[in-house]
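Here the structure is laid out as C-alpha cells; the discussion comes afterwards.
Bear in mind these aren't lab numbers, they're just calculated from the coordinates by the rules spelled out. Worth saying up front: this structure is predicted, and the values here are computed from it rather than measured. In this analysis, Cβ positions are derived from the backbone assuming ideal geometry, glycine residues included, and neighbour counts consider all displayed protein chains.
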Amino acid sequence: MPKIADIEYTPNPNAVKFILKEPLTNGTSRSFQNAESAQADPLAAALFDIGNVTSVFYMDRFITVNKEDEVSWEEMLKKLAEPIRSAPSASETPAQQSAPYYTPGENPLLDRINQVLDEKVRPGLAGDGGGLEIIGLNDKKLLISYQGACGSCPSSIGGTMMAIEYMLKEDVDPEIEVISV
C-alpha cells in the first residue's frame, strides 16, 4: 500500500499531485477522463466514487486528481487520501500493459518524436502532475492528448502546445504541426 510522501499543487488550480513513497506502476501511465472509463481500475474507480472528481492520472510514484471548480481542495484532500493509501503498490499487482498508438521501430518519424517528447517534454509535464500521449500522426500533423493536470490546464492548450511544436520543428521536422485532441 503506497504511503503519501507529499501533496503538491499544480499550475492547474483544479488539479493536485500526490507524491508517493512506493510506485503504483512500473513506467506505465493510466489516464481516466470519467468514471465510466475507470470502472476496470479499482484505484481510479474509488477516486471517482468520492464525487466531484473529473479525471485521474497516475504513473510510477505520483497520482494526479482533477476536481470540479466549485469544490475546495480542503474538503477533497482527506477523502482522496484514503483510497490512495489503500491501493496496492506496483510490487503487489501484476503488470498491466496498455496498447500504445505505435510500436517503436515501425515509424522512424514517430520514434524521433517520441524520443524528443521523452527527453524534453514529458519530464516537465510529470513534474506538474501531467503527461502526454501520442494519439496519431497524419502526414505531419501530430495528434496528442494531455493527461492528468495538463488535461484541463489552460496553459497546456496555448503556451505548452506551442513550445512542444517549436521543439519538434527544431529537433525533428520543420513541417510538424501539433494538435491537441
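Charging the Cβ of each Asp and Glu at -1 and of each Lys and Arg at +1, and nothing else, the dipole of region 1-70 about its Cα centre rounds to 300 debye. Using the rule -39500 (n - 2.57) for each DSSP H run of four or more residues, divided by the residues of the chain, the 222 nm mean residue ellipticity is -7500 deg cm²/dmol.
Counting pairs of alpha carbon atoms under 8 Å apart in space and at least six apart in sequence, what relative contact order in percent does the chain give?
Details: 307 pairs, mean separation 39.4, N = 181.
Taking the mean separation of contacting Cα pairs over the length of the chain, I get 22 percent.
Which one is right for this structure if Cα extents along the principal axes in Å is calculated from it: (i) 89, 31, 20; (ii) 51, 34, 29; (iii) 47, 37, 28? Here the calculated entry is (iii).
In this structure, the amide hydrogen of Gly130, modeled 1.01 Å from its nitrogen in the peptide plane, lies closer than 5 angstrom to those of Ala149, Cys150, counting only residues at least 5 positions away or on a different chain. If one computes the Cα centroid of region 1-28 and of region 104-127, what distance in Å separates the two points? Comparing the Cα centres of region 1-28 and region 104-127, I get a distance of 22 Å. Annotation: lysines with alpha-carbon distance below 24 angstrom to Lys169 (same-chain offsets under eight excluded): Lys120, Lys140, Lys141. Sorting 22-32, 123-133 by their mean Cβ neighbour count within 10 Å, with the most densely packed peptide first, gives 123-133, 22-32.
Remark: spin-label model distance Lys120-Lys140 equals 1.6 nm, labels positioned 7 Å along the Cα→Cβ axis. A full extension of the chain between Ile19 and Ala5 corresponds to an added length of 4.5 nm, given 0.36 nm per residue minus the alpha carbon distance.
About its Cα centre, the chain has a charge dipole of approximately 380 debye under the convention of +1 per Lys or Arg Cβ and -1 per Asp or Glu Cβ, with nothing else charged.
Sparse packing (at most 16 other Cβ atoms within 10 Å of the Cβ) combined with a DSSP loop state is found for the following GluC sites (Glu not before Pro) in region 11-119: Glu68, Glu70, Glu106.
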